[in-house]
Structures are given as C-alpha cells and as structure tokens.
1. Looking at this structure, is V260 surrounded by 15 or more Cβ atoms within 10 Å (Cβ to Cβ), more than 30 Å from A18 (Cβ to Cβ) and touching a Gly at 6+ places or on another chain (Cβ under 7 Å)?
2. Kindly provide the set of residues from the stretch 350-372 that are aliphatic (A, V, I, L, M) and within 21 Å of A313 (Cα to Cα), ordered by number.
3. For the stretch 228-255, how many residues meet the condition of being out of contact with any helix residue (DSSP H, G or I) (no Cβ under 7 Å at 6 or more places or on another chain) and of a type in the set (A, V, I, L, M, F, W, C)?
4. Which one of these is open to solvent by less than 10 Å² (accessible area, probe 1.4 Å), over 22 Å from G241 (Cβ atoms) and of a type outside the set (F, W, Y): I366, I352, I357, I362?
5. Please find, among I77, I95, I68, I102, the residue that is touching a residue at least 12 places away in the same chain (Cβ under 8 Å), not polar (S, T, N, Q) and not in a helix (DSSP H, G or I).
6. Name the single residue that is surrounded by the fewest Cβ atoms within 10 Å (Cβ to Cβ) among those in the stretch 268-287 being β-branched (V, I, T) and either more than 30 Å from V312 (Cβ to Cβ) or more than 26 Å from the chain's Cα centre (by Cα) (or both).
7. Of all residues being open to solvent by less than 50 Å² (accessible area, probe 1.4 Å) and over 30 Å from V8 (Cα atoms) in the stretch 57-82, which is modelled with the highest pLDDT? Just the residue, please.
8. In the stretch 321-350, which residues are modelled with pLDDT of 90 or more and in contact with a Ser or Thr (Cβ under 9 Å, 6 or more places away or on another chain)?
Amino acid sequence: MLGMGSAVETLCGQAYGANKYEMLGIYMQRSTILLMATGVPLAIIYAFSRPLLVLVGQSQDIAKYASIYVYGLIPQIFAYAANFPIQKFLQAQSIVTPSAVISACTVGAHILLSWVVVYELGLGLLGASLVLSFSWWVVVVAQFVYILTTRKCRFTWTGFSVQAFFGLPEFLKLSMASAVMLCLETWYFQVLVLIAGLLKNPELALDSLSICMIISGWVFMISVGFNAAASIRVSNELGAGNPKSAAFSVVAVTMLSCLVSVVIAIVVLCLRGYISYIFTEGERVAQAVSELTPLLAVTLILNGIQPVLSGVAVGCGWQSFVAYVNVGCYYVVGVPVGILLGFTFDLGAKGIWSGMIGGTFIQTLILLWVTIRTDWNKEVEAAQQRLDKWDDKKKPLLADNE
C-alpha cells in the first residue's frame with residue numbers, strides 16, 4: 001500500500017512545481033480511492049488470518065492469538081490508505097512540521113491509552129491492536145483538519161471533486177509500478193532473515209542478524225528522510241521547469257546523505273565489540289555481531305546512497321524502470337549469490353549477507369549511472385507531458401471548429 005501511494009508523490013510534487021495547485025487535491029483523492037479499494041482484499045485476508053495461519057503450518061494456539069491481534073488491525077489498513085496520500089500532499093508543498101507534531105503527540109497519547117486498555121480494562125491483544133488502529137486514524141483526521149483550516153493549503157485543497165474518479169486506470173498503472181519498486185526493496189533484506197533460518201546454527205545467526213537489521217533499520221529512517229527530500233525537490237524543480245536546480249538537488253541531497261551514513265558507519269565500526277549489549281548480554285552473540293559489523297557498515301553506506309537515488313526516481317517518475325532493476329539486482333543476483341556463499345561455500349550468515357550486499361551494490365551503481373547520464377532538460381519535458389496528461393481538463397467543444 002505504501003508502494004502504491006508513491007505515484008501521488010511524483011504527481012503532486014511536479015504539479016506543485018508547475019503551479020497547478022488545484023491538481024494536488026485531485027491527485028490526493030485519486031490515490032486515496034485506489035488505496036482504499038486495495039485495502040478491501042487485505043481486510044478480507046486479515047479477517048481469515050486464523051485459518052490461513054493454520055494452513056501455512058502454525059499451531060492452533062499461535063493462530064488463535066495472532067488472529068485476535070490482527071482483527072484489531074483491520075481499521076488500520078484504511079488509515080494507512082488515507083494517511084500516505086495526505087502526507088505526500090503536504091510534503092509536496094514542503095509542509096512537514098504539522099505531520100511531525102501530530103505524530104509525536106499521538107505517540108504520547110497512544111502509550112497512555114494502550115496501558116489503560118490493555119491493563120486496566122483487560123482487553124489484551126485485541127485492545128492493543130484496536131488502540132493502534134485508533135491512533136492511526138487520529139493522525140489521519142488531525143492532518144486532514146489541518147489541511148481544511150490552514151491558509152497554506154487554500155490553493156491546493158479546493159474540496160472534494162468528481163474529477164478524482166477520472167483517469168483511475170492510468171493512475172493505477174503508475175501506482176502498481178511504484179508498489180513493485182518499493183515492495184521488492186522492502187522484502188529484500190527480510191529474505192535474508194528467512195534464509196538465515198536454514199543455516200546449521202540458526203539461533204545464533206538469527207540473533208546476530210536481527211541485531212544488525214535493527215541497527216540498520218534505525219539508520220535507514222534517516223535515509224528515508226533524505227529519500228523524501230530528494231523526491232520532493234526533484235519533482236518540484238522538474239514541474240517548475242528548472243533542470244539545473246533539479247540536478248543540483250540530486251547532488252546536494254546525495255552528498256549529504258552519503259556523508260551522514262559514512263559517519264554513522266565509522267561509529268558503528270568503532271563500537272563493534274559493544275553494540276550488541278544494547279540488546280543482549282550474550283557473549284557469543286556479541287562476537288557474532290562483531291564479525292558482521294563490517295558488512296553492517298557497508299550496508300549503512302549503501303543505504304545512504306540507494307534510497308536517495310530511489311527518491312530521485314520517484315521524483316522523475318521512473319518507478320517502472322527501477323522495478324525491473326530491483327528484480328534483476330536483488331532476486332537474480334543478490335539472493336542466489338547469497339545462498340551460494342552462505343551454503344555452498346559454508347560462509348553462513350556472512351556469506352548470505354555478502355551476496356545480498358552485492359545485489360544492492362549493483363543496483364546502486366545502475367541507478368547512479370542512470371542519474372549521472374540523465375538529460376534534465378528532457379526530464380522537464382517529460383514532467384510537463386505527464387502533467388498535461390493527468391490534468392484531465394477537457395477542451396471546449398468550439399475549440400475543434402476554430
């Protein structure tokens with residue numbers, strides 16, 4: 001769902017740069033309609049989670065308690081569907097502080113409400129998931145109220161429109177390309193953990209990998225911020241017809257993100273013998289994490305570059321191209337090479353991770369090469385053609401007769 005929503009990121013950013021302010025609200029509504037529709041089959045899967053879990057081999061007890069928690073998350077699906085387009089609508093206009101403040105306040109209230117519902121009211125797993133869904137809807141409603149009341153959005157939000165229902169098939173096509181691009185990236189390192197469970201000593205491998213993945217995930221959130229910045233600036237400048245500014249934005253954001261990631265990687269390497277004790281006191285796990293830390297450092301550096309380039313791709317509307325690159329680099333190169341090194345050459349978790357880093361490295365090189373060779377004047381023309389196509393404004397009937 002997150003992936004499908006990135007289509008609105010491209011269109012809103014370019015429309016804002018081109019001063020087609022009224023189209024931002026239309027794009028937000030179109031994306032919300034598609035994501036809400038996507039949420040229906042997901043909700044059905046959630047509703048039948050218990051028999052599905054049993055079908056894939058989970059015990060009756062695990063399936064029972066997991067499904068109880070999942071039932072309470074069904075409203076959250078539709079909160080996601082509304083939240084992502086709203087956030088991208090605001091970010092396209094460089095409005096980020098209200099979302100951050102709303103989220104921070106909601107987190108504080110969420111913790112207190114969770115304690116009351118779970119412990120004081122005794123609603124357990126179902127109560128915890130329902131509170132989570134409620135908190136997400138609070139974020140959605142609060143952001144939408146902000147859009148309705150602030151003067152900053154008076155030109156970009158002009159109310160609900162039937163125009164939002166036009167052009168949905170084409171919008172879906174771009175959304176699906178976005179979904180494939182982001183899903184392949186998100187699932188890639190999750191595959192690493194699944195494969196590691198097949199190693200000779202899976203407990204130690206999974207413990208050490210989980211710690212490294214958590215650290216990588218924390219740092220990756222910084223890269224997500226640079227990803228959004230790259231997408232917003234590039235799409236805005238392309239929409240405004242400023243090719244040099246778009247190119248400069250790419251260089252500036254990439255260099256800054258890379259610098260931050262290198263600094264963090266150096267810190268992680270310096271603390272390689274101690275960093276695992278944040279999570280556990282086991283010496284064997286600490287040694288295993290220490291051995292994996294060089295690979296973690298390389299991953300952190302790559303994650304300082306690759307997400308920015310993905311953000312550039314979203315800003316330019318290259319989602320389909322990047323989806324093909326991800327398939328080839330991640331699942332044709334990275335995963336097979338990782339399995340070969342991990343099992344055939346008996347390198348274990350280090351071999352699996354090394355192969356998958358190789359896939360990420362190749363993907364980063366391809367995106368970097370394509371970005372360097374980009375003709376930004378042509379990208380400005382492509383952005384203008386895309387906006388004209390998605391504008392959906394019909395010519396007057398008399399125009400054909402003049």
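The values are calculated or read from the model by the stated rules, or taken from the named source; none is laboratory data. None of these values were measured; they are calculated from a predicted model. As a convention, Cβ positions derive from the backbone with ideal geometry for all residues, glycine included, and neighbour counts pool all protein chains shown. When the accessible area is computed, the model is the full protein with side chains, heavy atoms only, and any ligands, DNA or RNA have been set aside. Shrake-Rupley method; radii C 1.70, N 1.55, O 1.52, S 1.80 Å.
1. Spelling it out, V260 is indeed surrounded by 15 or more Cβ atoms within 10 Å (Cβ to Cβ), more than 30 Å from A18 (Cβ to Cβ) and touching a Gly at 6+ places or on another chain (Cβ under 7 Å).
2. Step one: of the stretch 350-372, the residues aliphatic (A, V, I, L, M) are 352, 356-357, 362, 365-368, 370, 372.
Correct list: I357, I362, L365, I366, L367, L368, V370, I372.
3. Within the stretch 228-255, residues that are out of contact with any helix residue (DSSP H, G or I) (no Cβ under 7 Å at 6 or more places or on another chain) and of a type in the set (A, V, I, L, M, F, W, C) number 4.
4. I352
5. I95
6. Just the residues of the stretch 268-287 that are β-branched (V, I, T), to begin with: 268, 275, 278, 280, 285.
Checking the rest, the ones that are also either more than 30 Å from V312 (Cβ to Cβ) or more than 26 Å from the chain's Cα centre (by Cα) (or both) come to 275, 278, 280, 285.
Numbers: I275: 20, I278: 10, T280: 15, V285: 19.
Ranking the qualifying residues of the stretch 268-287, first place goes to I278.
7. Going through the qualifying residues, I end up with S67.
8. C329, Y330, G334, V337, G338, L341, G342, L347
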